[in-house]
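Down below is the structure, laid out as structure tokens.
The values are calculated or read from the model by the stated rules, or taken from the named source; none is laboratory data. Keep in mind that this is a model prediction, so the values were computed, not measured. Cβ coordinates were reconstructed from backbone atoms using ideal geometry, including for glycine residues, and neighbour counts include every protein chain displayed. The protein model used for the area step is the full one, side chains on, heavy atoms only, and it has no ligands, DNA or RNA in it. Shrake-Rupley method; radii C 1.70, N 1.55, O 1.52, S 1.80 Å.
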Protein chains: 2
Amino acid sequence: MNKKEVLVLRDLLGSNKAIAKEIREQLSSRGILVLNLISSPGAGKTTLLESLSDRLRPEYSMAVIEGDIETERDAERIRAKGIQAWQITTGGACHLEAKMIGKLAPEIPADLDFLFIENVGNLVCPASFDLGESLRCVLLSTPEGDDKPQKYPQVFASSQCLLITKIDLVPPLPFDGEAARREALGINPRLQTFAVSAVTGAGINEFAEFLVASLQNLRQARHA
Amino acid sequence: MNKKEVLVLRDLLGSNKAIAKEIREQLSSRGILVLNLISSPGAGKTTLLESLSDRLRPEYSMAVIEGDIETERDAERIRAKGIQAWQITTGGACHLEAKMIGKLAPEIPADLDFLFIENVGNLVCPASFDLGESLRCVLLSTPEGDDKPQKYPQVFASSQCLLITKIDLVPPLPFDGEAARREALGINPRLQTFAVSAVTGAGINEFAEFLVASLQNLRQARHA
């Protein structure tokens, strides 16, 4: 990688909002689509990334920033797929912040297509912290129940897409996907919604196509 | 209920620690066992309480404090079982605090056996806030995966019991209950562990018996 292409942020001491804005501007201007994945623990964020990598590569390049309280487990899973991954362990903090992403900026290849950020497993706090993403996606897994959007409204209100995950478990699980989708759209009518299963592969292609279209839109907007 | 038996806390403006201490002292001295249930969203806290109520009543009395960001849904489910329930909606806050429990103290019947507090669905932040409970129980549902204890260590370190929930989903879910239990005990060797399913009823009696024994211990200690 050309040294001149390394991303360096001007101000890592600003507010979360200011740092996020700079991350978004710099990465968008390079044509990198940044996704912030938010969900409860165990909703399937890492497994989704493993499945997506099979669809997106080798045509597109991707890298992953893993956020966890402790352990390198998720980054190790991603690296085992041959994908560059950085692990941020927050050591107790319940969410990622933009400055944590900003500190990694010099290591992010400037010719990347997709940068996925897997937030700390928490359906509440990460919703309040812009990481400079182009797209925020909330995952709701079927075992959590279809009543969650109204109980945790902020993450649904602030996201651009909703993935209902683990749909292979219904039935026997009593999850009404249409009810969950309707409730989420009641909070945020602009949500793009997907129903996926990493086990059967259902819906993964559709979501990958959405990501590719979003990448193309980002790059067209850059030249507009 | 005798008016003199109403619980009034002296100091609702103290630190969380001080308020929690007073709640614990007052409720323990009345012989009320207070449980703080912590888990990810949708791990089955409300369903566990519904199942427990069938085992504990009419021999024992119970009441429930429900913590949620938004909605009265969980309190309505508990009330539908004929159980007194208060809903605390935190309006965005990611955990309950002792002062929220303290404000309800005057409404808590002083002749209660069990007071269950269902915390906000969040495996991270509630671990840092003592609510004055006698027992803290963390729930880990099988769909979340058996790798969670080391990723979210604080809640396992600060709890007295671990309930592995939704064991009816294994198999097909690839959850290694013994590995999860071992990892949790590695963090906190004193954890009492239970494996339960509200669907099949497995393990619910065993947990109910543990609660009754804990209540008896609390009352014996009071007279010692």
Fill in: chain A: relative contact order as a whole-number percent, Cα under 8 Å and 6+ apart
26 percent
Worksheet item: Can you run phi through the Karplus equation (6.51, -1.76, 1.60; θ = phi - 60°) for the range A:181-197 and list ³J(HN,Hα) in whole Hz, with x for Gly and Pro?
Response: 4, 4, 5, 5, 5, x, 7, 9, x, 8, 4, 7, 10, 9, 10, 9, 9
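Roughly how big is the B-A contact, given as buried accessible area in Å² (both sides, 1.4 Å probe, nearest 100)? Present the calculation step by step, with values, prior to reporting the outcome.
Details: alone 10300 and 10300 Å², together 18230 Å².
The contact between A and B buries close to 2400 Å².
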Discussion item. For the range A:85-207, place one equal point scatterer on every Cα, skip the solvent, and apply the Debye formula. What is log10 of I(q)/I(0) at q = 0.17, 0.20 Å⁻¹?
Written reply: -0.95, -1.19
Worksheet item: How many nanometers, to one decimal and shortest first, lie between the label point of residue A:222 and those of its other copies, if labels sit 7 Å from Cα toward Cβ?
Response: 6.7
Item to complete: Provide the solvent-accessible area of residue B:142, counting protein heavy atoms only and rolling a 1.4 Å probe, rounded to the nearest 10 Å².
Response: 10 Å²
Discussion item. Give me the residues in the range A:107-130 whose solvent-accessible area, probe 1.4 Å, is reduced by at least 50 Å² once all protein chains are included instead of the chain isolated.
Written reply: A:124
Worksheet item: How many partner chain Cβ atoms sit within 10 Å of a residue's Cβ in peptide B:140-153, on average, as a whole number?
Response: 6
Worksheet, complete the sentence: Among B:75, B:164, B:218, the residue whose Cα sits farthest towards the positive end of the charge dipole of chain B (+1 at Cβ of Lys and Arg, -1 at Cβ of Asp and Glu, taken about the Cα centre) is B:218
Worksheet item: So what J values fall out for the range B:47-53 if you push phi through Karplus, 6.51 cos²θ - 1.76 cosθ + 1.60 with θ = phi - 60°, rounded to Hz, Gly and Pro as x?
Response: 5, 4, 5, 4, 5, 4, 4
Worksheet item: Using modelled backbone amide H atoms (1.01 Å from N, in-plane), which distant-in-sequence or interchain residues come within less than 5 Å of residue B:34's amide H?
Response: B:115, B:134, B:135
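Filter A:17/A:103; A:166/B:45; B:21/B:99; B:21/B:166; A:17/A:151; B:45/B:151 down to the pairs with a C-alpha to C-alpha distance above 23 Å, please. Walk me through the numbers on the way to the answer.
Numbers: A:17/A:103 15 Å; A:166/B:45 20 Å; B:21/B:99 11 Å; B:21/B:166 33 Å; A:17/A:151 26 Å; B:45/B:151 20 Å.
Going by Cα-Cα distance, B:21/B:166; A:17/A:151 fall outside the 23 Å limit.
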Worksheet item: Using 1/(1 + (r/R0)^6) with R0 = 41 angstrom and r between the beta carbons of residue A:16 and residue A:206, what's the FRET efficiency to the nearest 0.05?
Response: 0.80
Worksheet item: Each residue of the range B:105-113 in turn: what ³J(HN,Hα) in whole Hz from Karplus with 6.51, -1.76, 1.60 and θ = phi - 60°, glycine and Pro shown as x?
Response: 3, x, 9, 7, x, 6, 9, 6, 8
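Please report the equivalent ellipsoid semi-axes of the range A:88-157, computed as sqrt(5 x eigenvalue) of the Cα gyration tensor, largest first, in whole Å.
Values: eigenvalues 130, 40, 22 Å².
Whole-Å semi-axes of the equivalent ellipsoid: 25, 14, 11.
Count, for each residue of A:58-66, the Cβ atoms from other chains sitting within 10 Å of its Cβ, then give me the mean as a whole number.
Details: counts 0, 0, 0, 0, 0, 0, 0, 0, 0.
Partner Cβ neighbours, averaged per residue: 0.
With all protein chains present and a 1.4 Å probe, how do A:199, A:138, B:170 order by accessible area, largest first?
On the way: A:199 120, A:138 0, B:170 50 Å².
Solvent-accessible surface, decreasing: A:199, B:170, A:138.
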Fill in: Segment residue A:103-residue A:25, extension gain: residue separation times 0.36 nm, minus the distance between their alpha carbons
26.5 nm
Item to complete: Quick one: with label points 7 Å out along Cα→Cβ, list the inter-copy distances for residue A:25 in nm, shortest first?
Response: 5.6
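Using +1 on the beta carbon of Lys and Arg, -1 on that of Asp and Glu, and nothing else charged, what's the dipole of the protein assembly as shown about the Cα centre, debye to 20?
Working: 50 positive and 58 negative charges, 186 e Å.
Taking the Cα centre of the protein assembly as shown as origin, the dipole is about 900 debye.
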Response to the item:
Label points for residue B:110 built 7 Å along Cα→Cβ; distances to same position in the other copies, nm, shortest first, come to 7.3
Item to complete: Would you please give the residues with an amide H less than 5 Å from that of residue B:192, counting only those at least 5 places away or on a separate chain, with H modeled from the backbone geometry?
Response: B:161, B:162
Discussion item. With every protein chain left in place and a probe of 1.4 Å, what is the accessible surface of residue A:86, to the nearest 10 Å²?
Written reply: 20 Å²
Fill in: Three-way shape call for the range A:1-138 based on the alpha-carbon gyration tensor, with the a/c threshold at 1.5
oblate
Worksheet entry | Amide H contacts of residue B:65 (H built 1.01 Å from N, under 5 Å, at least 5 apart or other chain) | B:86, B:116, B:117, B:118
Fill in: Expected 222 nm ellipticity per residue - DSSP helices of 4 or more, -39500 (n - 2.57), all of chain B, to 500
-10500 deg cm²/dmol
Item to complete: Please work out whether the protein assembly as shown counts as rounded, prolate or oblate from its C-alpha gyration tensor, where a ≥ b ≥ c are the square roots of the eigenvalues and a/c under 1.5 means rounded, while otherwise a/b larger than b/c means prolate and anything else oblate?
Response: prolate
Worksheet entry | Charge tally in the Cβ shell below 13 Å around residue A:177, where Lys, Arg are +1 and Asp, Glu are -1, residue A:177 excluded | -3
